[in-house]
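The values are calculated or read from the model by the stated rules, or taken from the named source; none is laboratory data. As the structure is a prediction and not an experimental result, all values here were calculated from the model. Neighbour counts run over all protein chains shown; Cβ positions are idealised from the backbone, glycine included. Side chains are part of the model used for accessible areas, which takes the heavy atoms of the whole protein and leaves out ligands, DNA and RNA. Shrake-Rupley method; radii C 1.70, N 1.55, O 1.52, S 1.80 Å.
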Amino acid sequence: MKNITVTELKEKAKELRKTALTMIYTAQSGHPGGSLSAADLMAALYFKEMNIDAKDPKWEDRDRFVLSKGHVAPIQYSALALNGFFPYDTIYTLRQYGSILQGHPDMKKTPGIDISTGSLGQGFSAGVGMAIAAKMDRKSYRTFVLVGDGECQEGQIWEAAETAAKYKLDNLVVFVDDNGLQCDGACADIMPTLDLEKKFAAFGFETIRIDGHKMESIVAALDSIRGSRNELPKCIILDTVKGKGVSFMEDVAGWHGKAPNKEQYEQAIREIDGGLN
Amino acid sequence: MEQMKQMKKATREAFGDEILELGRVNKNICVIDADIGNSCKTGPFSTELPRQHFNVGIAEQNACGIAAGLATTGKIPFVSTYAVFGSLRMCEQIRQTVCYPYLNVKIACSHGGLTPANDGASHQSIEDMGVLRTIPNMTVVMGADYNSTRKLVKQAAEIYGPVYLRFTRDAIPVIYGEDEEFEIGKAKQLSEGTDIAIIANGDTVYLAIEATKILKAEGYSVKLYDMHTIKPLDKDAVLASLKTGKVITVEDHNILNGLGSAVSEVVAEEGGAIVRRIGVQDQFGQSAPYEKLLELNGITIENIVETAKNLIGKKN
């Protein structure tokens, strides 16, 4: 864990949002909506909570991060770039031929990616495997997994969840980016995810729901579970807004996987700099 | 070879015995079971090495992902289930989370081919090797008997990367001595000949050996290979087979996309031979004795002999 204030983390979140949008704008391809909804959590994880080392991305004792909702790779790439895992200018190569920044996370190409993802529902299982390995090796690193609310429609999510409970993985934290929208529209219409808090609790998780855009709440939630040895895996459900921070993207399913044009991009950067709330 | 031919053992037993020995020596070896550990012969492993064993229940897709996660930390996980689930049920998980990131995960499956005979078509696995063969970075292996399977399991643990291992549910003849060596990716030549080449794998190698004996007794010169690895395919062995001008493949797998297809791909590109594929005739099985199912598909000593004779009589 690093020492950083909530005010500083909020600034980092802005940097992440701008970097992610810049990548997507440059590539004219990518997923802005879910990148923005996850930005505040990613700031808290990558600039405060996680024990990672940009100079030694494969450090054995590092905390692991699994972006199970792999399509929001730009927000993770932003966090890695701003932490010095690769030169910042690499962001301009997103989705281009030969780039280390693939459309979805690729552990073989990008320093700091712990598992390749992109096919929904699968990353969580890999995260459970990493947490089991930590228990086997009596190591103290933790594994953080970010899943989408739509992604929770995948049955494999629940297979992984019950396994985490069985093996008493108190070193595992799953975050649900509960932004209410998926590719085709509202989750409530496509396939209601029902009460995710109750569902994860029923699957044996210590579960809390917080405002996923309030840095104070994110930090407090992470503080409250750090060092827990109660044998319960953790689930933090983040109430979020898809496209958060850019007025015309907020809560619009159409911005799930679409790049902004020049005017939209410039307006988005202005709004993020101005601190739209 | 001769004196051992009466002894029969299922190759899933070979997996169970070998994985226990491997796990005792190397604490990074893990087994991920999906509720059918006893049937897959991992029971002794789970009892003796509980810290290296995880039973995730009836959830194969998750089993694959957990194995991938373990592999990222240096473990050598073997996912153990039935072939039909270990290939098709978790196919995309294998592709996305094991083969694409090139992780050191082994998929070790009992009940290959028609060997789960009485269980019926739902449990028979006739597409597995073909499907997994098409995924980049995957190695696909099936030993022909207990002794070769043990050696191949050991080697799968020693080489880095994804490997699919397929075992028989039913007992099949032990054809190799305990000290015989095997190399993944290198066919085992069992007979040298010039009239025709027979390339078999898995539980059909025994049938091919018997057919070869008959053909030889009738004066034919037969080249015979045990092609235990269909990917990477031993191209040199196939090229050597082409020199006879006639090639028969034999497999307990659909004739589409398995050993017969793999060999035919080389033949199509290199030319110089006619190929006949003996195997499951692109049809589902049913509950029946194993031998009956083989017979329904022409996977018999008699059919290998007859096919060989017809082919030898044919102008190239």
### Message
Residues that are more than 8 Å from chain A (Cβ to nearest Cβ) and buried (at least 24 other Cβ atoms within 10 Å of the Cβ): does the stretch B:42-50 have at least one?
### Response
yes
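Select, from B:LEU215, B:LEU224, B:LEU256, the only residue that is part of a loop (DSSP other than H, G, I, E, B) and in contact (Cβ under 8 Å) with a residue 12 or more places away in the chain.
Working: B:LEU215 fails: part of a loop (DSSP other than H, G, I, E, B); B:LEU224 fails: part of a loop (DSSP other than H, G, I, E, B).
Criteria check complete, one pass: B:LEU256.
Looking at this structure, is B:GLY69 of a type outside the set (A, V, I, L, M, F, W, C), within 12 Å of chain A (Cβ to nearest Cβ), more than 22 Å from the chain's Cα centre (by Cα) and open to solvent by 20 Å² or more (accessible area, probe 1.4 Å)? If you could, list the steps in order and put the result at the bottom.
On the way: of a type outside the set (A, V, I, L, M, F, W, C): yes; within 12 Å of chain A (Cβ to nearest Cβ): yes; more than 22 Å from the chain's Cα centre (by Cα): yes; open to solvent by 20 Å² or more (accessible area, probe 1.4 Å): no.
In short, no.
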### Query
Among all residue pairs at least 6 apart or on different chains, which show Cβ distances below 9 Å where the first residue, located in the stretch B:115-143, is at negative phi and of a type in the set (Asp, Glu) and the second is open to solvent by less than 10 Å² (accessible area, probe 1.4 Å) and part of a loop (DSSP other than H, G, I, E, B)?
B:ASP119/B:HIS111; B:GLU127/B:GLY258; B:ASP128/B:GLY112; B:ASP128/B:GLY258
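Mind checking which residues of the stretch B:259-300 are assigned to a loop (DSSP other than H, G, I, E, B) and over 19 Å from B:SER122 (Cα atoms)?
Of the residues in the stretch B:259-300, the ones assigned to a loop (DSSP other than H, G, I, E, B) are B:271-273, B:281-289, B:297-300.
Selection gives B:GLY271, B:GLY272, B:ALA273, B:GLY298, B:ILE299, B:THR300.
Here are some residues: A:GLY245, A:GLY275. Which one is touching a Lys or Arg at 6+ places or on another chain (Cβ under 8 Å) and at pLDDT below 95?
Numbers: A:GLY245 fails: at pLDDT below 95.
So the residue among A:GLY245, A:GLY275 that is touching a Lys or Arg at 6+ places or on another chain (Cβ under 8 Å) and at pLDDT below 95 is A:GLY275.
Inside the stretch A:189-200, can you point out the residues that are open to solvent by less than 50 Å² (accessible area, probe 1.4 Å) and modelled with pLDDT of 95 or more?
First pass over the stretch A:189-200, keeping only residues open to solvent by less than 50 Å² (accessible area, probe 1.4 Å): A:193, A:196, A:200.
If the condition is that a residue be open to solvent by less than 50 Å² (accessible area, probe 1.4 Å) and modelled with pLDDT of 95 or more, then A:LEU196, A:PHE200 are the ones that fit.
So that you can scan it fast, the table gives a plain yes or no per residue for (1) over 20 Å from B:TYR220 (Cβ atoms); (2) touching a Cys at 6+ places or on another chain (Cβ under 7 Å); (3) among the small types (Gly, Ala, Ser):
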position	(1), (2), (3)
B:VAL247	no, no, no
B:GLU251	yes, no, no
B:ALA268	yes, no, yes
B:GLY271	yes, no, yes
B:VAL305	no, no, no
B:LYS314	no, no, no
### Query
Can we say A:MET215 is at pLDDT 95 or above, within 20 Å of the chain's Cα centre (by Cα), closer than 22 Å to A:LYS2 by Cα and not charged (D, E, K, R)?
yes
### Query
For the stretch B:284-305, which residues satisfy the criterion of being of a type in the set (S, T, N, Q) and either open to solvent by 80 Å² or more (accessible area, probe 1.4 Å) or at pLDDT below 95 (or both)?
B:GLN286
### Query
Quick one: in the stretch B:72-81, which of the residues that are at the interface with another protein chain (Cβ under 8 Å from one of its Cβ atoms) and among the β-branched types (Val, Ile, Thr) is surrounded by the most Cβ atoms within 10 Å (Cβ to Cβ)?
B:THR72
